[in-house]
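Engineer: Got a structure here, written out as structure tokens. Questions coming.
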Amino acid sequence: ISVIEVPKDDPQDASVVSEPVLFPDGGNPPGTPTRETSGCHDITVYAERDIAAGACMGDGVVMDISDPVNPEVIETVRDENFAFWHSATFTNKGDAVIFTDELGGGAGATCNPEIGPERGADAIYELKVKKGKGGGPARADLAFQSYFKIDRHQEDTENCVAHNGSLIPVKGKNYFVQAWYQGGVSVIDFNDLEDPKEIAYFDRGPFEEDLSGSWSAYYYNGHIYSSEIQQGFDVLKVDDKRLKRAEKVRFDELNPQNQPRY
């Protein structure tokens, strides 16, 4: 990966300050059900907790970023049910991570009985981080808890797989909104890490184009914003008492890959 330093007063002078190798032993090798590791697809930073999570094609990782120029991998996990580690999201407490598997690269129809509930899904891990002693790197442990996948089976013509999402900021609770391409937008309650449930969804139904549906779904200041590949931009409002407290949380900006604490 590359670490880029950006002077805030002179952003045009940004420069690469380090290029750490996260997988000196090569990462997940070719010839396994999971794609080989040749880089990280997405890295999500939780700056206030000095940690980052990487979805790195064949590996899921947690990094200590207390020294931002020299991040260190402190935990790595693999899963034979995961084809492509695509993205990662921390809980607000930093005590769990949702990783997504983009089976089929977004073009496949994977939300059907044949593929099943454990592939092209989310994997939820409990996370425990212990600060390092004497200035050394922290230690982390990821423990698998469950999979989540929408159980609304889609037509075999509908591309559908786990994709981009974000937390819904209800203090002390774990809710997540997520895009599933032609599977639509899903709101997930994962307060019980071992038993996540869908509590709301929005689905436009089949579309004639090969690649369609919600590419991303992010919650921001009371609404969900979904990027629909063929039909433009959807703005959604959820009416659910469990999510009311989120409407009182206001941010000046949103970057789901730089999670704020609320």
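Engineer: Of the numbered conditions (1) touching a Pro at 6+ places or on another chain (Cβ under 9 Å); (2) farther than 24 Å from residue 260 by Cα, residue 105 fails exactly one; give the number of that condition.
Structural biologist: Exception for residue 105: condition (1).
Engineer: Residue 172 fails exactly one of the following numbered conditions: (1) surrounded by fewer than 23 Cβ atoms within 10 Å (Cβ to Cβ); (2) touching an Asp or Glu at 6+ places or on another chain (Cβ under 8 Å); (3) farther than 24 Å from residue 77 by Cβ; (4) among the small types (Gly, Ala, Ser). What is the number of that condition?
Structural biologist: Of (1) surrounded by fewer than 23 Cβ atoms within 10 Å (Cβ to Cβ); (2) touching an Asp or Glu at 6+ places or on another chain (Cβ under 8 Å); (3) farther than 24 Å from residue 77 by Cβ; (4) among the small types (Gly, Ala, Ser), only one is false for residue 172: (2).
Engineer: Those residues that are surrounded by 18 or more Cβ atoms within 10 Å (Cβ to Cβ) and within 18 Å of the chain's Cα centre (by Cα), I need them from the range 66-83; list them, please.
Structural biologist: Listed by number, the residues that qualify are 73, 75, 76, 77, 79, 82, 83.
Engineer: Continuing with the same structure: Name the residues in the range 151-187 that are assigned to a strand (DSSP E or B), in contact with a helix residue (DSSP H, G or I) (Cβ under 8 Å, 6 or more places away or on another chain) and under 17 Å from residue 83 (Cβ atoms), would you?
Structural biologist: 181
Engineer: Mind telling me which of the residues 19, 36 ends up being of a type in the set (D, E, K, R), touching a Pro at 6+ places or on another chain (Cβ under 8 Å), surrounded by fewer than 20 Cβ atoms within 10 Å (Cβ to Cβ) and farther than 17 Å from residue 87 by Cβ?
Structural biologist: Selected residue: 36, the only one of 19, 36 that is of a type in the set (D, E, K, R), touching a Pro at 6+ places or on another chain (Cβ under 8 Å), surrounded by fewer than 20 Cβ atoms within 10 Å (Cβ to Cβ) and farther than 17 Å from residue 87 by Cβ.
Engineer: For the range 134-151, which positions are touching an Asp or Glu at 6+ places or on another chain (Cβ under 8 Å) and either more than 20 Å from residue 124 (Cα to Cα) or without any contact (Cβ under 8 Å) to a residue 12 or more places away in the chain (or both)?
Structural biologist: If the condition is that a residue be touching an Asp or Glu at 6+ places or on another chain (Cβ under 8 Å) and either more than 20 Å from residue 124 (Cα to Cα) or without any contact (Cβ under 8 Å) to a residue 12 or more places away in the chain (or both), then 137, 138 are the ones that fit.
Engineer: Then there is this: So, residue 188, is that one under 16 Å from the mean Cα position of the chain (by Cα) and not basic (Lys, Arg) or not?
Structural biologist: The answer is yes for residue 188.
Engineer: May I ask you to say which residue of 166, 216 is hydroxyl-bearing (Ser, Thr, Tyr) and free of Cβ contacts under 8 Å to residues at least 60 places away in the same chain?
Structural biologist: 216
Engineer: Moving to a separate point now. Across the range 206-254, what is the total count of residues that are more than 22 Å from residue 173 (Cβ to Cβ), surrounded by 12 or more Cβ atoms within 10 Å (Cβ to Cβ) and of a type in the set (A, V, I, L, M, F, W, C)?
Structural biologist: 4
Engineer: Only one of these is more than 16 Å from residue 58 (Cα to Cα), out of contact with any Gly (no Cβ under 8 Å at 6 or more places or on another chain) and surrounded by 15 or more Cβ atoms within 10 Å (Cβ to Cβ): 157, 91. Name it.
Structural biologist: That would be 91, the only listed residue that is more than 16 Å from residue 58 (Cα to Cα), out of contact with any Gly (no Cβ under 8 Å at 6 or more places or on another chain) and surrounded by 15 or more Cβ atoms within 10 Å (Cβ to Cβ).
Engineer: Also: Identify the residue in the range 188-206 that is under 25 Å from residue 146 (Cβ atoms) and assigned to a loop (DSSP other than H, G, I, E, B) and, among all such residues, is modelled with the lowest pLDDT.
Structural biologist: Once the filter is applied, the top-ranked residue is 203.
Engineer: Which condition from (1) touching a Ser or Thr at 6+ places or on another chain (Cβ under 7 Å); (2) among the charged types (D, E, K, R); (3) without any contact (Cβ under 8 Å) to a residue 12 or more places away in the chain is the one that residue 8 breaks?
Structural biologist: If we test residue 8 against (1) touching a Ser or Thr at 6+ places or on another chain (Cβ under 7 Å); (2) among the charged types (D, E, K, R); (3) without any contact (Cβ under 8 Å) to a residue 12 or more places away in the chain, just (1) comes out false.
The values are calculated or read from the model by the stated rules, or taken from the named source; none is laboratory data. Everything quoted here is computed from the prediction, not taken from an experiment. Neighbour counts are summed over all protein chains in view; Cβ atoms, including those assigned to glycine, are modelled from backbone coordinates with ideal geometry.
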